[in-house]
Amino acid sequence: MNSHFLSWFSGFFDGEGYISIVPNNKSGYMPQVVIKLRKDDKSILLRIKETLCIGAVYDINNVSTGSPQSKWQVADIDGCVKLIDVLDNYPLLAKKKEVYKVWRSAVLYMKENGRNKHDDYIESAISKMKGLRKYNSTNKSN
């Protein structure tokens with residue numbers, strides 16, 4: 001893959017991306033990566049999908065803003081592990097890097113141990129990620 005693209009992607013993802021672990025009725029938990037943009041920027045999401053060879057791009061109707069959007073989503077373990085390879089080599093630099101560290105550890109844990117509900121390790125990771133996302137004025141740089 002092109003190192004210029006990967007450097008760009010890391011910075012773009014740092015600003016626009018969202019990583020999480022969500023409950024899934026079928027298998028317990030599902031790691032998830034999402035970038036949402038206005039629908040007229042869908043070509044950016046398609047380029048990410050095509051270059052990284054992971055995820056899918058969907059059109060969505062955003063009721064809260066009233067504007068059409070598109071999203072790139074990775075919601076499978078193998079795709080998330082591939083993304084980990086990218087972000088380990090082209091690291092995040094903003095606050096999201098702390099959430100990423102917890103998410104990364106949980107994804108690799110799920111790959112080895114499954115995604116079972118009521119798994120203390122995964123539930124702890126979800127709680128840590130939630131805490132790291134909260135705005136904390138003491139962490140704000142001047």
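The values are calculated or read from the model by the stated rules, or taken from the named source; none is laboratory data. Keep in mind that what you see is a predicted model, and the values were worked out from it rather than measured. Positions of Cβ are backbone-derived with ideal geometry, glycine not excepted, and every protein chain shown enters the neighbour counts.
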**Report entry** Residue in the stretch 36-56 that is out of contact with any helix residue (DSSP H, G or I) (no Cβ under 7 Å at 6 or more places or on another chain), in contact (Cβ under 8 Å) with a residue 24 or more places away in the chain and among the polar types (S, T, N, Q) present
**Finding:** no
Report summary line: Okay, helices (runs of 4 or more DSSP H) sitting entirely in the stretch 48-142 with 1 or more residues that are polar (S, T, N, Q), at pLDDT 90 or above and closer than 17 Å to residue 32 by Cβ, I get 96-113, 120-133
Query raised in the report: Counting just the residues of the stretch 38-61 that are in contact with a Ser or Thr (Cβ under 8 Å, 6 or more places away or on another chain) and within 29 Å of residue 122 (Cβ to Cβ), which one comes out surrounded by the most Cβ atoms within 10 Å (Cβ to Cβ)?
Result: 45
Requested in this report: Could you tell me which residue of the stretch 41-55 is farthest from residue 12 (Cα to Cα), considering only residues that are touching a Gly at 6+ places or on another chain (Cβ under 9 Å) and aliphatic (A, V, I, L, M)?
Outcome: 54
Requested in this report: Working only within the stretch 1-47, note down all residues that are charged (D, E, K, R) and assigned to a helix (DSSP H, G or I).
Outcome: 14, 16, 39, 40, 41, 42, 47
Requested in this report: Look at the stretch 13-35 and say how many of its residues are under 19 Å from residue 82 (Cβ atoms), touching a strand residue (DSSP E or B) at 6+ places or on another chain (Cβ under 9 Å) and in contact (Cβ under 8 Å) with a residue 24 or more places away in the chain.
Outcome: 12
Report summary line: Inside the stretch 1-38, the number of residues satisfying the requirement of being under 29 Å from residue 116 (Cα atoms) and of a type in the set (A, V, I, L, M, F, W, C) is 8
Query raised in the report: Taking the stated definitions as given, is residue 83 in contact (Cβ under 8 Å) with a residue 40 or more places away in the chain and among the hydrophobic types (A, V, I, L, M, F, W, C)?
Result: yes
**Report entry** Residue count for the stretch 85-99, restricted to those that are within 11 Å of residue 9 (Cβ to Cβ) and of a type in the set (Gly, Ala, Ser)
**Finding:** 0
